[in-house]
Amino acid sequence: MDRFDSAPDTGQAPPMRRHSALRKIWLLRALGALVLALTFGYLPYHLYAHSGFARYLQLRGELHRVRAINSHFATNNGRLRREAEALQSEDLRTIERAARAELGFVRAGEVVFEIEDAPQGRTP
């Protein structure tokens, strides 16, 4: 009789077999976790990155920018409308102010002094 045949059966695998079986189980678990992570994280991101919620966020930002530009233009249009109404009235002061400011008109006998900025780097 062999000495291995006479050993009592304890129902457990030898230590080497048990270690490799545990290792195999943990490798399978890690592989399963990796597959789940790819399935529920990485793939949907790449499939839906340019549609759906990402597109909604992009359009919402663009809408905000366009509304800001429109607000600026509406303010400017209101100012220009008021200025046009003032110029169409027969108020001579308003017309004279616009002629002086925008067209550089002067009255007869007025003297105009033009002051130029000093060149940079030299101070008097």
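Tell me, yes or no, whether the stretch 51-60 has at least one residue that is of a type outside the set (Val, Ile, Thr), modelled with pLDDT under 85 and assigned to a loop (DSSP other than H, G, I, E, B). Before you say what the answer is, go through the steps one by one.
Going residue by residue through the stretch 51-60, those that are of a type outside the set (Val, Ile, Thr) are 51-60.
Among the residues that remain, those that are also modelled with pLDDT under 85 are: 51-55.
Checking the rest, the ones that are also assigned to a loop (DSSP other than H, G, I, E, B) come to 51-52.
Yes, there is a match, as at least one residue in the stretch 51-60 is of a type outside the set (Val, Ile, Thr), modelled with pLDDT under 85 and assigned to a loop (DSSP other than H, G, I, E, B).
Here is a yes/no grid of residues against (1) in contact with a helix residue (DSSP H, G or I) (Cβ under 9 Å, 6 or more places away or on another chain); (2) not aliphatic (A, V, I, L, M):
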{"site": "Tyr56", "(1), (2)": "no, yes"}
{"site": "Leu59", "(1), (2)": "no, no"}
{"site": "Asn70", "(1), (2)": "no, yes"}
{"site": "Phe73", "(1), (2)": "no, yes"}
{"site": "Asn77", "(1), (2)": "no, yes"}
{"site": "Ala86", "(1), (2)": "yes, no"}
{"site": "Val112", "(1), (2)": "no, no"}
{"site": "Asp117", "(1), (2)": "no, yes"}
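Return the pairs, sorted by first residue and then second, in which the second residue is not in a helix (DSSP H, G or I), the first residue lies in the stretch 89-103 and is assigned by TED's automatic domain parsing to the domain that holds Arg79, the beta carbons are less than 7 Å apart, and the residues are 6+ apart or on different chains.
Qualifying pairs under 7 Å: Ala99/Phe105.
I need the full set of residues from the stretch 35-50 which are of a type in the set (A, V, I, L, M, F, W, C) and in a helix (DSSP H, G or I), in order please.
Taking the stretch 35-50 first, the residues of a type in the set (A, V, I, L, M, F, W, C) are 35-38, 40, 43, 47, 49.
Val35, Leu36, Ala37, Leu38, Phe40, Leu43, Leu47 - these are the residues of the stretch 35-50 that are of a type in the set (A, V, I, L, M, F, W, C) and in a helix (DSSP H, G or I).
The values are calculated or read from the model by the stated rules, or taken from the named source; none is laboratory data. Bear in mind the structure is a predicted one, so any value in this text is a computation, not a measurement. All Cβ positions, even for glycine, are placed from backbone atoms using ideal geometry, and neighbour counts span all protein chains on display.
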